[in-house]
Each structure stands twice: as C-alpha cells, then as structure tokens.
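The values are calculated or read from the model by the stated rules, or taken from the named source; none is laboratory data. Please read these numbers as outputs of a predicted model, since none were measured by experiment. When we count neighbours, we look across all protein chains shown, and the Cβ atoms used for this are built from the backbone with ideal geometry, even at glycine.
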Amino acid sequence: MYIVDNGNNNIREVSTQTCATMGIEQEQVKEGSSNLFAYPNPAQNSLQVKVADNSKIQAINLYDVLGKEVIKNDELKMQNGAAQIDISNLSEGVYFIKVKTTESFYSKKIIVQH
C-alpha cells in the first residue's frame with residue numbers, strides 16, 4: 001500500500017502486519033526518495049533512474065495517481081549507471097516511481113509532459 005505525504009509530494013510504502021494473538025496492526029514505513037534520482041522531471045519520452053548509494057537496481061515500477069501499475073520493468077537498460085525507462089506511451093500527468101534495489105525500496109513523484 002502507498003500513501004502520499006502532504007507537503008513534500010513523496011510517497012511511502014506502507015506494509016501492515018497483523019499480530020495473530022491480539023489483532024493489532026503494526027506499520028513499517030520505508031522512505032528513501034532523497035537517494036533516488038529520476039530525471040528529467042518533468043519527463044517527455046524517457047526517464048533516467050539512479051540511486052545515490054550505488055546499490056544495484058533490481059526492478060522499477062510506475063504507478064498512476066490512482067495506484068494502478070502502468071509500467072513494470074524487471075529487465076533494465078543501464079547506461080552510465082542509470083536505468084532508462086521508456087515512458088513515451090504514458091499520458092501526461094503525475095506518476096509515482098518505485099525502485100527496488102539490493103538494499104532497499106525508494107519512491108518519488110514524477111511528471112510526464114509530452
């Protein structure tokens with residue numbers, strides 16, 4: 001599940017776990033958008049994605065504002081340490097990118113303008 005932070009336009013991944021004995025939910029929030037670079041932003045036809053800690057990017061997913069996955073990319077084209085994502089088929093608007101690395105998950109808001 002994802003939530004949007006009011007004010008800084010970042011998204012957070014929230015996982016919930018239920019304690020079987022008491023039925024209490026515990027939330028674990030992972031943040032990391034300051035370590036994620038997605039450029040250019042706004043983007044037109046392609047997006048370059050890189051993480052600051054130089055960990056290996058394993059997967060990149062893009063979601064629209066309703067949370068629908070619009071791009072799932074497990075096979076990445078890397079150039080100069082950055083993954084290249086073709087976004088030419090996306091409609092103009094706001095999207096959220098989720099990047100899975102060997103170390104963590106990162107997320108960031110991007111804008112597509114053609």
Candidate set: region 39-64, residues that are assigned to a strand (DSSP E or B), of a type in the set (S, T, N, Q) and more than 11 Å from the chain's Cα centre (by Cα); chosen: the one farthest from residue 100 (Cα to Cα): 46
Any pair with Cβ under 8 angstrom, 6 or more apart, that starts in region 65-82 at a residue that is without any contact (Cβ under 8 Å) to a residue 60 or more places away in the chain and ends at one that is in a loop (DSSP other than H, G, I, E, B) and crowded, with 16+ Cβ neighbours inside 10 Å: 70/90; 71/87; 71/90
Selected residue [out of contact with any Phe, Trp or Tyr (no Cβ under 9 Å at 6 or more places or on another chain) and modelled with pLDDT of 90 or more] from 88, 107, 55: 88
Close pairs from region 38-50: first more than 11 Å from residue 62 (Cβ to Cβ), partner part of a strand (DSSP E or B) and among the charged types (D, E, K, R), Cβ under 9 Å, at least 6 apart: 39/50; 41/108; 41/109; 45/86; 46/86
Answer residue from region 71-98, given it is among the β-branched types (Val, Ile, Thr) and surrounded by 15 or more Cβ atoms within 10 Å (Cβ to Cβ) and is nearest to residue 108 (Cα to Cα) among those: 97
Total residues in region 65-114, condition more than 19 Å from residue 43 (Cα to Cα), among the acidic types (Asp, Glu) and part of a strand (DSSP E or B): 0
